[in-house]
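Worksheet: the structure to be examined is printed underneath.
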Amino acid sequence: MNRQLTLPTALMLVVPPLLWAGNAIVGRLFHEVVPPLMLNFLRWAIAFVILLPLAISIFRPGSGLWQHRARLSILGLLGIGLYNALQYLALQTSTPINVTLVAASMPVWMLLIGSLFFQSKVTRKQVIGAAFSIAGVLLVLSRGELAQLLALRLVAGDVFMILATIAWSLYSWLLTRSEMPDSLRGHWAAFLLAQVSFGVVWSGAFAAGEWAVTGREITWSWQLAAALLYVAIGPAVLAFRCWGVGVQRVGPNVAGFFSNLTPLFAALMSSAFLGEMPHLYHVIAFALIVSGIVLSAR
């Protein structure tokens, strides 16, 4: 397998954090009008409908879908049923700055899980790269002021985000170790639909449990409908497509560093919505994050 980080692969790995940053903003904006687990279910139900015409052949006999149901069910649980559900839950009780800060630990979890469970060797450059990248994220989240960073406190939402980050790290590693027939692996939509087919069942079960416990209803509006289309098409279908290809090309350890671009993009988007111009610390943080990616990929 080619593990070289080329420019096309790097650009492909930049797309998911850009879309995921928008996903975090949507999750925060609409957290009062739609329950978090229901939001996750609706997102993936729409994604299922979008993917179905592109890869309906996976439901034909002999495609391998049912034969590999256990592995696909695990991938669907970790990447679809849990990750964003936990993130949306986190945004109910935690601030966006805390959530993105916890998510910035992704490269550390990637390295740790790879070393413990997948016999992946962690190099000194990767450790240094992780330090550079996380330093850049901390600079953005603290807005260049140490006092803001020291004032952070973990709440229940932060714990949910830690669990989400661990789930995504496991999902990314399993992507590289999942042996599938060509009927599933041969086309990106087929492999994603195979995961979504199981993941939407998981997310639907979680949403049903949420409704049974809380009884929360959805407050419908055209803004919510537009937001659902965005999180289904962008952060779901397109981001998963790019992330899956990127992980296959360079491995989870290197791909994990690109996830640190998410809080940077989120900060820039927030600044744009608030009418604030980027500051010098944004430029320095971007340089640190990119340096971490380049150093770890060498």
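Per-structure values
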| read-out | value |
| --- | --- |
| Karplus-derived HN-Hα couplings along the stretch 261-272 (A = 6.51, B = -1.76, C = 1.60, θ = phi - 60°), whole Hz, x at Gly and Pro | 6, 4, x, 5, 5, 4, 5, 5, 5, 4, 4, 5 |
| Under 12 Å, Cβ to Cβ, from Leu13 - net charge with Lys/Arg +1 and Asp/Glu -1 | +2 |
| In the stretch 147-229, trypsin sites (Lys or Arg not before Pro) in a DSSP loop with at most 11 other beta-carbon atoms within 10 Å | Arg153, Arg177 |
| Relative contact order, percent, the stretch 7-297 [alpha-carbon distance under 8 Å, six or more residues apart] | 41 |
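Just so you know, all these numbers are worked out from the coordinates, no wet-lab data involved. Remember, predicted model here, so these are calculated numbers, not experimental data. Note: ideal-geometry Cβ built from the backbone for every residue, glycine included; neighbour counts use all protein chains shown.
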